[in-house]
Amino acid sequence: MTARRIPGRAAWAQHGFWRAHRLLVLRRLTQLGVLALFLSGPLAGVWIAKGTLSASLTVDVIPLTDPFVVLQSLAARHWPEATALTGLGIVVAFYLVFGGRTFCAWACPINPVTDLAAWLRRRLGIEKGWVMRRETRWLAAFAILAASAATGTIAFELINPVTLVYRAALFGGLAGLAVVAAVFAFDLVVARDGWCGHLCPVGATYGLIGKATLLRVAARGRARCDDCLDCFAVCPEPHVIAPALRGREGAGPVIVSGDCTVCGRCIDVCPERVFSLTHRFDTRVDAPPASAPRPAGRPAPAALERA
Amino acid sequence: MASEPHHSVNRRRFVQGTLRTAMGAGVGGLALALLARQSRSLPADALRPPGALPEPNFLAACVRCGLCVRACPYDTLKLADLAAGPAGGTPYFRARNIPCEMCEDIPCVKACPTGALDKSLVDITAARMGVAVIVSRDTCLNLQGLRCDVCYRVCPVIDKAITLEQSHNRRTGKHAVFEPVVHPDACTGCGKCEKSCVLTEAAIKVLPIGLAAGRQDAHYRRGWEEKRKAGEELVPGLIDLPDRLPEMKP
């Protein structure tokens with residue numbers, strides 16, 4: 001029996017713990033930091049951000065509004081007031097620059113939950129499970145908007161785990177956490193990356209912004225790739241990597257898919273340091289190393305990716 | 001396509017997969033719609049903040065952000081939990097717990113980013129969060145001829161929203177009854193009367209307007225009002241027939 005390769009261990013061994021976990025640690029700090037901005041008020045009386053992730057007001061001047069909540073409100077035939085629309089504009093503008101689904105990886109409180117489920121899956125060797133189609137999230141978002149339109153209510157906010165966590169933490173009430181537990185169980189047992197990657201309509205909406213966003217991950221050093229596949233193993237949206245990494249059909253090095261959450265785990269775990277953060281118009285590709293062709297006898301990468 | 005059998009198999013799998021996904025999304029959407037429909041009803045003791053749009057419009061506008069709750073200086077407003085109660089995450093208050101203090105600057109309305117709390121409400125006495133109703137005439141102390149008067153005294157719109165109407169106390173035969181009477185055209189539904197009612201279970205309760213208020217058909221006209229407006233008889237020359245009184249038995 002061969003020992004299962006633990007993704008990230010090679011990078012850790014070669015580059016040290018910090019360089020193999022840098023963006024992961026920063027991400028956890030950002031997620032906690034966003035929550036802390038909201039929690040400092042109720043806990044310590046220092047009011048920085050008020051509200052929840054559906055709509056908020058920071059330092060009493062900056063409104064922020066979640067795009068999918070606005071879409072639901074429009075579907076329910078309510079035209080929101082200027083404050084909410086200003087907040088929507090700020091959020092859309094921000095994520096048009098800073099990565100679209102960066103919300104999912106850097107701010108959303110569900111991300112640590114589903115990351116934990118994915119990590120446990122890798123460690124326990126749980127099979128991929130139910131494989132949903134990538135388009136499921138669009139259909140789910142459409143179905144939810146239809147439900148909002150049919151009932152004339154902002155329907156998803158009844159069960160939206162993203163805002164339920166914040167509501168539970170900031171305003172009390174534990175029943176909402178049941179939904180979070182359900183998401184965890186779903187991701188752990190039913191489908192790998194099932195919630196964030198296939199169902200969540202909030203993430204799908206940020207993914208729309210991500211289709212045009214500036215901040216991206218690029219496989220600039222793709223010539224150095226030795227097909228260890230650690231990036232595919234840790235990536236919550238592994239289908240986004242292949243085009244940029246393999247450069248098939250003249251694809252550039254930038255991961256352009258809106259599905260990419262710019263979590264940067266691929267940057268961390270790559271022992272060859274193939275990936276880096278850059279802007280979407282960056283076409284630079286490092287020259288291939290002079291020696292060291294692909295080691296003979298290794299299976300073709302395409303076969304491995306499918307596994 | 002006999003020569004390329006796996007093409008048609010792929011196509012079949014694609015169509016099946018797409019149908020399955022679409023049906024899954026449809027079922028999920030339907031379940032959510034049923035849940036949302038169920039949560040549209042507002043419990044009778046849950047009141048919305050001042051300026052809240054009528055309940056159906058409110059549920060289309062409120063994003064459950066809790067900014068009104070943060071703006072409330074008296075801790076009156078709460079966000080509904082997932083479990084029983086108003087639609088999950090929406091703001092409400094229970095008059096018997098903490099009533100609305102009717103702040104003159106209405107901070108909760110100002111805080112609402114979406115217009116679920118209507119900013120055209122600038123005078124808090126024009127708020128209609130609900131309407132007070134004497135729900136229990138047989139326990140109200142005033143209606144038994146005692147002088148409790150608490151609901152009347154605490155009313156922020158005293159002598160307009162609640163008045164004391166004097167009548168004869170038929171139980172003792174020689175005293176007066178001071179009946180608290182709510183006037184829905186002036187009652188803001190703040191809930192101070194319900195909060196202050198001295199009984200174990202309040203005899204006066206603030207109910208959501210949809211529950212407490214009757215409504216006459218739009219075409220109804222009150223003859224005496226129309227007569228006053230017109231300044232004359234609406235139907236001239238009406239014959240006043242003699243009243244027929246019951247005959248006295250010999």
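What to note about this one:
- Volume per residue that the Cα convex hull of the range B:193-250 spans, once the total is divided by residue count, Å³: 265
- Considering helices alone, the calculated mean residue ellipticity of chain B at 222 nm is -8500 deg cm²/dmol, with DSSP H runs of length four and up weighted by -39500 (n - 2.57) and normalised per residue.
- Peptide A:136-146 - average C-beta neighbours from other chains (10 Å radius): 5
- Taking amide H atoms as placed 1.01 Å from N in the peptide plane, the amide H of A:L215 lies under 5 Å from those of A:F98, A:G99, each 5 or more residues away in sequence or on another chain.
- Rounded, prolate or oblate (a/c below 1.5 giving rounded, otherwise prolate when a/b exceeds b/c) for the range B:130-213 by Cα gyration tensor: prolate
- Computed over chain B, the P(r) tail beyond 34 angstrom holds 44 percent of alpha carbon pairs.
- Fewest-first ranking of A:V254, B:V27, using other Cβ atoms within 10 Å as the exposure measure: B:V27, A:V254
- Per the Debye formula on identical point scatterers at the alpha carbon atoms of the range B:40-126, with no solvent, log10 I(q)/I(0) at q = 0.11, 0.16, 0.21 Å⁻¹ is -0.25, -0.54, -0.97.
- Dividing the convex hull volume of the alpha carbon atoms of the range A:183-295 by its residue count gives 112 Å³ per residue.
- Mean per-residue shielding of peptide A:158-167 is 4, counting Cβ atoms of other chains within 10 Å of each Cβ.
- By definition, a body whose alpha carbon gyration tensor gives a ≥ b ≥ c is oblate when a/c is 1.5 or more and a/b is not larger than b/c, and the range A:16-76 fits this oblate description.
- Here the spin labels are modelled as points 7 Å beyond Cα on the Cα-Cβ line, and at B:L241 and A:V25 they lie 9.7 nm apart.
- Shielding by partners for peptide A:173-182, expressed as the average number of C-beta atoms from other protein chains within 10 Å of each residue's C-beta, is 3.
- Full extension of the segment from A:A82 to A:A44, taken as 0.36 nm per residue of separation minus the current Cα-Cα distance, would add 10.6 nm.
- Calculated Rg and Dmax of the protein assembly as shown using C-alpha coordinates, Å: 31.9, 132
- Karplus-based coupling profile of the range B:158-163, in residue order and whole Hz: 3, 6, 10, 7, 10, 10, with θ = phi - 60° in 6.51 cos²θ - 1.76 cosθ + 1.60 and x standing for Gly or Pro.
- For chain A, the Stokes-Einstein estimate of translational diffusion at 20 °C and a viscosity of 1.002 mPa s comes to 104 µm²/s, using the Kirkwood hydrodynamic radius over alpha-carbon pairs.
- Helical content alone sets the calculated 222 nm signal of chain A at -15000 deg cm²/dmol, taking -39,500 (n - 2.57) per DSSP H segment of four or more residues and averaging over every residue.
- Chain B: Cys lacking any partner C-beta under 4.7 angstrom: B:C62, B:C65, B:C72, B:C103, B:C112, B:C140, B:C148, B:C155, B:C187, B:C197
- For B:S120 and B:E179, the difference between the fully extended length at 0.36 nm per residue and the C-alpha to C-alpha distance is 17.8 nm.
- Cα centroid separation, the range B:68-105 to the range A:86-137 (Å): 33
- Relative exposure of A:W130, A:W12, B:W224, judged by other C-beta atoms within 10 Å (fewest first): B:W224, A:W130, A:W12
- Exposure proxy ranking, count of Cβ atoms within 10 Å, fewest first, for A:D115, A:D66: A:D115, A:D66
- With pairing defined as another cysteine C-beta under 4.7 Å, the cysteines of chain A that fail it are A:C104, A:C108, A:C196, A:C200, A:C225, A:C228, A:C235, A:C260, A:C263, A:C270.
Bear in mind that the values in this text are calculations on the coordinates, not laboratory data. Worth saying up front: this structure is predicted, and the values here are computed from it rather than measured. Positions of Cβ are generated from backbone atoms using ideal geometry, with glycine treated the same way; all protein chains shown enter the neighbour counts.
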